[in-house]
1. So, in region 614-637, exactly how many residues are under 27 Å from LEU480 (Cα atoms) and surrounded by fewer than 17 Cβ atoms within 10 Å (Cβ to Cβ)?
2. Quick one: is GLY277 under 17 Å from VAL201 (Cα atoms) and outside the structural domain of SER373 (by TED's automatic domain parsing)?
3. From (1) more than 21 Å from ASN499 (Cβ to Cβ); (2) touching a Gly at 6+ places or on another chain (Cβ under 9 Å); (3) assigned to a strand (DSSP E or B), pick out the condition that doesn't hold for LEU148.
4. I'd like to verify a number: residues in region 545-572 that are surrounded by 11 or more Cβ atoms within 10 Å (Cβ to Cβ), assigned to a loop (DSSP other than H, G, I, E, B) and not basic (Lys, Arg), how many?
5. What are the residue pairs meeting all of these: first residue in region 425-436, first residue more than 18 Å from ASN461 (Cα to Cα), second residue part of a strand (DSSP E or B) and of a type in the set (D, E, K, R), Cβ atoms under 7 Å, and 6 or more apart or on different chains?
6. Among the residues of region 116-125, is there at least one that is at pLDDT below 90, crowded, with 17+ Cβ neighbours inside 10 Å and outside the structural domain of ALA237 (by TED's automatic domain parsing)?
7. Working only within region 127-140, note down all residues that are surrounded by fewer than 18 Cβ atoms within 10 Å (Cβ to Cβ) and assigned to a strand (DSSP E or B).
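The values are calculated or read from the model by the stated rules, or taken from the named source; none is laboratory data. Quantities reported herein were computed from a predicted structural model and do not represent experimental measurements. Note: ideal-geometry Cβ built from the backbone for every residue, glycine included; neighbour counts use all protein chains shown.
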Amino acid sequence: MVPLFRPTYSLAVSSLVLLILTISAVAIAFPGGQAVSSTPSPRPRDFTVTPVPNQLVIQPGAVASSNLILTSIGGFTGIVSLSATISRSNGTAPTVTVTPSSVRLRSGVNASSILQVSTTTATAIGTYTVTIIAQAPRITHTTFVTVLVALPGDFQFVLEPNSETVALGSSRTSFYGIASINGFAGTVDLVPSNIPVNVGVGTSQVTVLPGGNVTGNIFINVGSTAAPGTYSIPFTATSGSLSHTATLKLTISAAAVPDFSITTNLLFLTIPEGSVGFVNITVSSIGSFAGSVSITGSVIPAISSGPVAVVSPSSIFVSPNATGSALLSLITNTTTPTGFYNYTVTGTSGSLFHQVVGSFTVTISSTADFTLSATPSSLTIPQGSQDRDFLNITSINGFSGTVSLTATVSPLGPFLVLASNQVTLAPGGTTTLVLAVFTNTTIPVPFGNYSITVTGSSTGNTHTIVIPLTVTVPAENLFLLSATFQPTNVTLQVHNTGNMAASLVIYYAQDKAGNTWSRTSWAGPTIGPNSTSTVFLTIGVSCPACTYSGTPGAFNQFTPGNVYTISLVSARNNLYRFSVSYPSGTREALALEAYTFTSGTNLTLFIRNFGNVSVSLVSYYVKDSSGNQYALTTWAGPTINPNSTSPAMILIGSSCASCTIVGSAFTFNPGFSYTIVIVTSRNNQFSFTVTR
């Protein structure tokens, strides 16, 4: 019998060994203290292993590969052995090989090996995880590659919106959406036809991943001599042998329509390597335009160690016939290749889209400064563990002095510890600090992507780097979605967020007095990764195989109005404990299982009823981040039975003639979040947040 307990984690920062290394001038640092001179201390010899790429998409019967890049740290030299295993290793899973399986790594020189993933026509579709282990004497590192095996599919093509109004002598950016069907993945080209005279139409190419949605741009420019009127422009989306067509209704008007313009100053600038250049951005209202404009920046070409564009703020509100401003920062470091670059600033508001292109030159810096870098440049840490990164601070052009360091993480979750918040550099010297990253804090850190921002500052010099952090899911991780009681049984809906299947082998049902029914020899269900399964548990007379402990006769059945503790044990000996209530009356409970955007005005929610009565949906409200709202109060929505899932179509804008609007009109735009409120016939409200 497995004891009823759940392991806990505690963070002992004091147990972490924090090291600081200096190349030209020797130093030792402690958390919160100053670096002081001491005897030379060599940097720990180590290495990193990085898969490029770390995600592969393969069709059954095909082969794909990833480069495994090994980098020496602290002068490490030696033989590194490489091996790979794949999750769900069985007769239908992909096979993996590493060639060569051992490499000699020398100080200052990268080495590489090839991970090859092979499939057959019988390979099961789905997501697999390849675990790569790199070993040298007393050193072991693990990294992961995600493999998606997908069947050939199709795609859906929609115009978002399917009508546009453009004034003479002006331009507009419209959008189109591509949605993967049956695992389709590939590049889609869009070609217009029957374009009116003195009207220019351009399109962008898009690439969609299996099961994904992507939005492309349609650029429309109406010349001042075009003939006003309404035109139909067919668009054909093609990918290989697949082709779909939709028609855009273009209305050319003589009057100005609400729009905005975007300008930058400077259009050209020079930035010494390791420095930051700044560009002022101005957004102006045209034709009484009012609304929020999202602003992004980019650098062309995008190369390794190249300049990085950051816009602050990333969204501004422009009042009618007024202007708003933002700042573009072009960030370089001392390893940024010198030469000529372009920057782009893009403004988007609903279907409106404008872009400005400027240029800048990165030159060799002769000013005393320092550089800041991280080795490795990104981290992947399993949930509930810890790792470290090395921060390298190097003097250039004779810089000497104290550099102050800070480290933050966004969003909040992982815990960071710097070996020291200050280092002192001698001319030409380098100091290395350890940054410790913990995901085993007292509150579990959610798996997902994070950004660690490290800033180094000295008088007149400030440098910032961003270290991508991925917190991976454990092999299995179960949580309870719902529970439905009968006198001697309970039906659970249990979801596995892990990356491996969880087989259930033992369960316990306990009342608040501690009386317990247990079944220690149980062939429970197997819950696949990122899947939900029904778990049916019996007690009392319905479970002859169960064992009872406690006061005789005190707990023979589940009673409405009481709370029970249900514990599940997996084949990996992990215990999951849930507290569940047996409701005493009618209970509505809805949860959003999935959703999909089919256009800028069409959203389908997949809603599950975890309550004990059927639920009829009678109205809905859709609100964007600016507070604008669509409402349909006469909605004949679906009726969802207990423990069932039903689709519910949410329409706004031009797709919902019966909707009422508060504020300004809007559409579902990529990268934006929306709040959906569903109202039932019993006047209960359920709120969900969705992001396109």
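1. Total meeting the criteria: 2.
2. no
3. Exception for LEU148: condition (1).
4. The first filter runs over region 545-572 and keeps only residues surrounded by 11 or more Cβ atoms within 10 Å (Cβ to Cβ), leaving 546-551, 554-560, 562, 564-572.
From what's left, assigned to a loop (DSSP other than H, G, I, E, B): 546, 550-551, 554-560, 562, 571-572.
From what is left, the residues that are not basic (Lys, Arg) are 546, 550-551, 554-560, 562, 571.
Total satisfying the criteria: 12.
5. Going by the 7 Å Cβ cut-off, the qualifying pairs are VAL434/ARG388; LEU435/ARG388; LEU435/ASP389; ALA436/ARG388.
6. The answer is yes, given that some residue of region 116-125 is at pLDDT below 90, crowded, with 17+ Cβ neighbours inside 10 Å and outside the structural domain of ALA237 (by TED's automatic domain parsing).
7. THR127, THR131, ILE133, GLN135, ILE139, THR140
One line per residue, one yes/no per condition, for (1) closer than 24 Å to VAL434 by Cα; (2) part of a loop (DSSP other than H, G, I, E, B); (3) at pLDDT below 50:
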{"residue": "SER10", "(1), (2), (3)": "yes, yes, yes"}
{"residue": "LEU18", "(1), (2), (3)": "yes, yes, yes"}
{"residue": "PHE30", "(1), (2), (3)": "yes, yes, yes"}
{"residue": "SER41", "(1), (2), (3)": "yes, yes, yes"}
{"residue": "VAL57", "(1), (2), (3)": "no, no, no"}
{"residue": "SER65", "(1), (2), (3)": "no, no, no"}
{"residue": "ALA84", "(1), (2), (3)": "no, no, no"}
{"residue": "ASN90", "(1), (2), (3)": "no, yes, no"}
